[in-house]
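Here's the structure, in structure tokens; my notes come after.
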Ligand SMILES: Nc1ncnc2c1ncn2[C@@H]1O[C@H](COP(=O)(O)OP(=O)(O)OP(=O)(O)O)[C@@H](O)[C@H]1O
């Protein structure tokens with residue numbers, strides 16, 4: 001037996017030489033170039049990089065959600081071997097509903113403010129499966145929220161988005177995804193706007209979605225702690241390109257690219273306001289103690 005590398009013929013998601021150009025008054029501007037990504041079912045691919053490096057744009061290019069007149073996409077995006085770049089907007093809408101789920105940074109944007117959570121949950125379930133009655137969809141919604149460990153599902157379904165916290169809305173979105181069982185979930189900074197406890201709950205929920213439904217997750221985060229905890233593989237982006245890609249262990253233990261090393265170092269020396277505040281308080285106490293002793 002030789003040490004041959006087995007590469008699956010059709011990964012769940014594959015982008016080949018994906019690129020995005022922006023049309024400006026002075027010509028075309030490259031925003032994304034040469035994006036090659038592979039993601040298998042049930043795995044998590046993290047995308048990290050500084051602000052403006054092209055993480056969100058990569059997600060939008062995959063989802064076919066770029067501004068039509070301003071942006072031009074080239075390259076390939078394949079979902080289970082289907083070439084999505086050939087799809088019409090109507091076909092893409094169906095793919096986004098049934099096969100690709102999305103969770104974005106601000107969950108408030110994912111819900112319509114004037115409808116209750118229940119109305120929106122039921123509507124989405126029924127759009128997905130036209131045979132469901134309202135009553136059946138409601139039962140699935142209650143089970144979905146309960147299954148996600150969300151308290152008082154019946155009451156939650158009667159509430160409006162503004163009555164719930166960001167963490168709660170994010171977990172409701174994931175509960176909905178669990179009912180829809182998308183093949184791929186694109187989660188763009190899903191925990192950024194949340195407090196630490198909600199962050200943990202959301203990450204646990206995503207992990208369950210991956211384990212129990214086999215959903216592959218493309219996880220964008222600027223938080224390397226989140227990526228280390230969740231991802232199997234990582235792509236590091238800078239200036240619209242992938243500078244390094246590999247398994248999470250390889251990337252964290254033995255980064256090859258200077259920029260990846262810089263990102264990891266900046267994490268070690270990151271500014272933590274809370275810690276800084278505590279240090280200042282301790283210093284003040286020590287100073288005061290010193291003066292009293294003198
Ligand atoms: N609609 C647009 N028109 C012109 N340029 C855009 C547009 N959207 C994004 N860009 C540019 O594309 C680049 C990548 O942006 P993108 O939002 O993907 O970055 P990001 O890595 O997700 O950053 P952040 O972490 O801050 O969200 C940036 O230089 C941004 O200014």
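Bear in mind that the values in this text are calculations on the coordinates, not laboratory data. Bear in mind the structure is a predicted one, so any value in this text is a computation, not a measurement. No Cβ is skipped: glycine too gets one built from the backbone with ideal geometry, and neighbour counts run over all protein chains shown.
Listed from fewest to most Cβ neighbours within 10 Å, the set 68, 23 follows the order 68, 23. Taking other C-beta atoms within 10 Å as the exposure proxy, 55, 28, 181 rank 28, 181, 55 from fewest upward. A helix-only calculation puts the chain at -13500 deg cm²/dmol for mean residue ellipticity at 222 nm, using -39500 (n - 2.57) for each DSSP H run of at least four residues, averaged over all residues. For the chain, the antiparallel share of DSSP beta bridges with both residues in that region comes to about 60%.
When only alpha carbons are used to place a centre, the stretch 181-219 and the stretch 51-98 end up 21 Å from one another.
Computed from the Cα positions only, the extents of the chain along the three principal axes stand at 81, 58, 52 Å, in decreasing order. Residue order for 74, 88, 26, 56, fewest other beta carbons within 10 angstrom first, comes to 26, 88, 74, 56.
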